[in-house]
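**Q** A single structure is presented below for examination.
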Amino acid sequence: MVKLTDHGVYLVDGKVSPAASLSPAEARKNTIAYSILNAHNSGESDSDLRIRFDALVSHDITYVGIIQTARASGLKEFPIPYAMTNCHNSLCAVGGTINEDDHVFGLSAAKKYGGIYVPANQSVIHSYAREELAGCGKMILGSDSHTRYGALGTMGVGEGGPELVKQLLKNTYDVKAPEVVLVYLTGTPKKGIGPHDVAIALVGATFGNGFVKNKVLEFVGPGVKNLPIDFRNGIDVMTTETTCLSSIWETDEVVKKHYETHGRPEEYRELKPGNVAYYDAMIEIDLSAMESMIALPFHPSNAYTIHEFVEHADEILAKVEEEAKKKFGKCNLDLRSKVKDGKVLADQGIIAGCAGGMFDSIDEASAILKDQSTGNGYFSLSVYPTSVPVSLELTKIGVSAELLSAGAVIKPSFCGPCFGAGDVPANNGLSLRHTTRNFPNREGSKPGEGQLSGVALMDARSIAATARNGGIITAATDVDYDYTPHEYHFDSSVYKKRVYYGFGKADPDAELILGPNITDWPTQYELADNLLVKLAAVIRDPVTTTDELIPSGETSSYRSNPLRLSEFALSRRVPEYVGRSKEVAATEAGRRNGENPEELRAVLSKLGNVEELMASTQFGSCVFANKPGDGSAREQAASCQKVLGGFANICYEFATKRYRSNCINWGILPFTLAEGAEFPYEVGDYVFVEGIRQAIMDGKEEFSAKVVTKDGDVKEITLYVKGLTPDEKEIILDGCLMNYYKNHSES
């Protein structure tokens, strides 16, 4: 189904070729990706890009922190369209008034600074961007990792909030010119195959080997024309799970029809590679060979065909249970009990969000369930249309009624099932979801309290087929049903009645309304001459997700309050981390107050003159993980560490560029180790880097450091910080992005 070619290829007049008349450097400029990147590059270098975006998007667990950071850095008004949607905390169900306080703050900020405010349950963030902001040749930056609009000819990038702050302050997104990977589509999907089937197969083939990490995926080929726009969008949004930087597709009449349907025909233009284009690698996808897929806990790359899974379910689920035991020792996940008489029973089906809640997927799910029943057993089915316009159209054509009559529940536009704030299954439950992720705890369970369940990703079509069979996992390709796609009609009047369109209408006199949970960032200090960090968490899992660094779900309610939120840092992975970090922070506060803490004296005595080092050495906490930061773009995975006194992360590599960027923007040293280097150190050991400030100033990338173990032994270790831009160096020296902007403002 998916074939990888790990070397450069040419595309000559639309056909793959091993050679061409142009050099790779010249032909690379003829990719769609480079034509868009270069059009948005405000710098003079073709290799070190300084990107200015056309629009920004955030939701209600990120925009408060972004605006507060920008406000502290001198924000006057939004210089480009900035849409703030309310699709994550829209239940307003946790923490008293604080969720709605954030929404009131968002509307007041839109009025004051000239933004676009999309009220709760009107649209999920990426649906609104597709409907109202995307355009062929544009670039959009979002504070959500699934910011992907490539199928609409728009390069979307998901990053942490500080990168949006830079754009709001008219600065640039700085990135090395990325490699571009050709995704060559052929064939036509058979009946019952949906976008999640293709996406899961793609993620399964590319995530584990890092094949497309921080690269751009460019989708072309004769198979593109055989995919409706929702099918393309459904594949595209999941490219985030491959760890690529962005994505882009060639455009055609199908895309043109999308913009006409949404009342924005001027946003369409044809995008395609030049006659001779060069790509650094290639992925071939035969759509005709696609099978119904399932991604088992605990990652979208844990991919199998549904047929393969059902045939070997006991063996495969045993591996899942074993992984759960390693991650969460106190929990016993029991999924093999779902296997009965050669069949696998699920407890729940969810079709929701930016991946699953689109019109076509719900329309076809309804056809599969026509005149059927989801049953009155343990299995339940919930459907969340991705926006009010989509919900309205589904209602008008009778699809919603068909689903309701089959036993499904129709719910409002909401991202909650994707991150654990809605439809949390029972303990040991198996939930099938057409959503973006199935990370540990992503469904809302709390392993620290003995609660654990599992999420498997499947396409809406196979979820509907499973619902039709009362919860027995079933491939949609095995079900007989009639389906004639309905034509979609977009009614913009519902947005005009509810959305606040304030771009270009900033009112400096408008009051910014801050609820009691909305607090300013605590004071951050510049990097000292020397750095001493104490290991507060050591995680040796192959990959550590941002959900483990700062959990999703109920924590989202506290993301306007940095101190309150920091209490959740690593709470589901290393519950002792917060207490350990606080002890380190208290010791550092004592040092700053001239108290000469005994702990520091004991460690520094192993390293040199205690009095001199005490005055010039910053003391903080540190996290070691093999490969941290897979998944969400949420900046709080880094900011919570910094608020708790964290000054460094040590790893072999960062799972994503966005997490590394978040660390840098919060003044956290992003140390890496050489491949294969040993790191036998544990919680309570100390790492000392002498002369770190001067070394960063001088552009050094290799650092001779010392480890002082709990037993008092001193060991040598080599750390690296590679590829810092001049701005990134200055941000780290200043202590964080806010300090950087403050210093520039004062100077």
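**Q** Taking the Cβ of Ala637 as the center, what net charge do the other residues with Cβ under 12 Å away carry, scoring Lys and Arg +1 and Asp and Glu -1?
**A** +2
**Q** Show me the ranking of peptides 426-434, 197-205 by mean Cβ neighbours inside 10 Å, starting with the highest.
**A** Descending packing order for the listed peptides: 197-205, 426-434.
**Q** Let me check against my output: what whole-number percent is the relative contact order of segment 2-289, with C-alpha pairs under 8 Å and at least 6 apart?
**A** 28
**Q** Lys/Arg Cβ at +1, Asp/Glu Cβ at -1, dipole of the chain taken about the Cα centre: which of Val198, Ile67, Asn214 is farthest positive-ward?
**A** Ile67
**Q** Put +1 on the Cβ of every Lys and Arg and -1 on every Asp and Glu Cβ in segment 240-310; which of Asn302, Leu287, Val255 then has its Cα farthest towards the positive end of the dipole?
**A** Ranked along the dipole, the leading option is Val255.
**Q** Something else now. Can you find, among Gln694, Val180, Gly137, the residue farthest towards the positive end of the dipole of the chain? Put +1 on the C-beta of Lys and Arg, -1 on that of Asp and Glu.
**A** Gly137
**Q** Considering amide H positions built from the backbone, and no H for Pro or chain starts, which residues 5 or more places from Gln451, or on another chain, come under 5 Å of its amide H?
**A** Lys446
**Q** What size of dipole, in debye to the nearest 20, comes out for the chain about its Cα centre when the only charges are +1 on Lys and Arg C-beta atoms and -1 on Asp and Glu C-beta atoms?
**A** 620
**Q** Can you order the peptides 601-608, 447-454, 458-465 by their average number of other Cβ atoms within 10 Å per residue, highest first?
**A** Highest-to-lowest ranking by the protection proxy: 458-465, 447-454, 601-608.
**Q** Let me make sure I get this right: for segment 293-478, a, b and c are the square roots of the gyration tensor eigenvalues over alpha carbons, sorted descending. Under 1.5 in a/c it's rounded, otherwise prolate if a/b > b/c, else oblate. Which is it?
**A** Because a/c hits 1.5 or more and a/b exceeds b/c, segment 293-478 counts as prolate.
**Q** Over what distance in Å are the Cα centres of segment 210-237 and segment 120-183 separated?
**A** 16
**Q** Taking segment 201-302, which trypsin sites (Lys or Arg not before Pro) meet the DSSP loop condition and have no more than 16 other C-beta atoms within 10 Å?
**A** Answer by residue number: Arg269.
**Q** Return a whole-number percent for the relative contact order of segment 533-631, with Cα pairs under 8 Å and 6 or more residues apart as the contact set.
**A** 51
**Q** Working from Cα positions, state the angle (0 to 90°, nearest 10) between the long axis of helix 63-72 and the longest principal axis of the chain.
**A** So the inclination is approximately 40 degrees.
**Q** Roughly how big is segment 2-289's charge dipole about its Cα centre, with Cβ charges of +1 (Lys, Arg) and -1 (Asp, Glu), in debye to the nearest 20?
**A** 200
**Q** While we're here: Ranked by Cβ crowding within 10 angstrom, fewest neighbours first, how are Arg572, Arg437 ordered?
**A** Going from least to most buried by this count: Arg572, Arg437.
**Q** Working from Cα positions, state the angle (0 to 90°, nearest 10) between the long axis of helix 98-113 and the longest principal axis of the chain.
**A** On a 0 to 90 degree scale, this one is about 90.
**Q** Setting aside same-chain residues fewer than 8 positions from Lys642, which lysines have a Cα under 20 Å from its Cα?
**A** Straight-line reach from Lys642, under 20 Å: Lys166, Lys534, Lys582, Lys627, Lys657, Lys729, Lys742.
**Q** Same structure, new question: Arranged by the count of other C-beta atoms within 10 angstrom, fewest first, what order do Met1, Met697, Met84 take?
**A** Met697, Met1, Met84
**Q** Could you tell me the extents of segment 164-295's C-alpha atoms along the three principal axes, largest first, rounded to whole Å?
**A** For segment 164-295, the Cα spread along each principal axis is 48, 41, 32 Å.
**Q** Oh, and also: Rg(Cα) of segment 210-364 divided by 2.2 N^0.38 Å?
**A** 1.31
**Q** Which shape class applies to segment 408-503: rounded if a/c is under 1.5, otherwise prolate when a/b exceeds b/c and oblate if not, where a ≥ b ≥ c are the square roots of the Cα gyration tensor eigenvalues?
**A** oblate
**Q** Using only alpha carbon positions, build the gyration tensor of the chain, then give the equivalent ellipsoid semi-axes as the square roots of 5 times its eigenvalues, largest first, whole angstrom.
**A** Each semi-axis is the square root of five times an eigenvalue, giving 41, 29, 27 Å.
**Q** Still on this structure: Please compute the Cα-Cα pair-distance distribution of segment 193-259 with 5 Å bins starting at 0, giving whole percents from short to long.
**A** For segment 193-259, the binned pair fractions read 4, 17, 28, 25, 16, 8, 2, 0 percent.
**Q** List the GluC sites (Glu not before Pro) in segment 487-585 that DSSP assigns to loop (not H, G, I, E or B) and whose Cβ has at most 12 other Cβ atoms within 10 Å. Which are they?
**A** Glu487, Glu511, Glu576
**Q** Now a separate question. On a 0 to 90 degree scale, rounded to 10, what angle separates helix 359-368 from the longest Cα axis of the chain?
**A** Between the helix axis and the principal axis of the chain, the angle is about 50 degrees.
**Q** Tell me, what HN-Hα J-couplings in whole Hz come from the Karplus equation 6.51 cos²θ - 1.76 cosθ + 1.60 at θ = phi - 60° for each residue of segment 116-126, using x for Gly and Pro?
**A** 9, 10, 10, x, 4, 6, 7, 6, 7, 3, 7
**Q** Another question, if that's okay. Radius of gyration and Dmax for segment 2-289's Cα atoms, expressed in Å?
**A** 19.3, 65
**Q** Find the relative contact order for the chain and round it to a whole percent, using C-alpha pairs within less than 8 Å whose residues are 6+ positions apart.
**A** With pairs under 8 Å counted, the relative contact order is 15 percent.
**Q** Let me ask something else about it. Enumerate by residue number the GluC sites (Glu not before Pro) in segment 1-108 meeting two conditions: DSSP loop (anything except H, G, I, E, B), and at most 14 other Cβ atoms within 10 Å of the site's Cβ.
**A** Qualifying residues, ordered by number: Glu44.
**Q** Non-local amide H neighbours of Asp174 (under 5 Å, H modeled in plane, Pro and chain starts lacking H): which ones?
**A** Answer set, sorted by chain and number: Ile51.
**Q** Let me know the shape class of segment 530-746, please: from the alpha-carbon gyration tensor, a ≥ b ≥ c as square roots of the eigenvalues, rounded when a/c is under 1.5, otherwise prolate if a/b is greater than b/c, or oblate.
**A** rounded
**Q** Follow-up question, since we're still on this one. Take every DSSP beta bridge with both residues inside segment 530-746 and express the antiparallel ones as a percent of the total, to the nearest 5.
**A** 45
**Q** Where both partners of a DSSP beta bridge lie in segment 293-478, what percent of those bridges are antiparallel, to the nearest 5?
**A** Here the share of antiparallel DSSP bridges comes out near 35 percent.
**Q** Counting only DSSP beta bridges with both residues in the chain, tell me the antiparallel percent, nearest 5.
**A** Here the share of antiparallel DSSP bridges comes out near 40 percent.
Computed from the coordinates by the stated procedures, all read-outs in this text should not be read as laboratory data. Predicted, not measured: the structure shown is a model, and the values here were computed from it. Because the Cβ atoms are built from the backbone with ideal geometry, glycine has one as well, and the counts that use them run over all protein chains shown.
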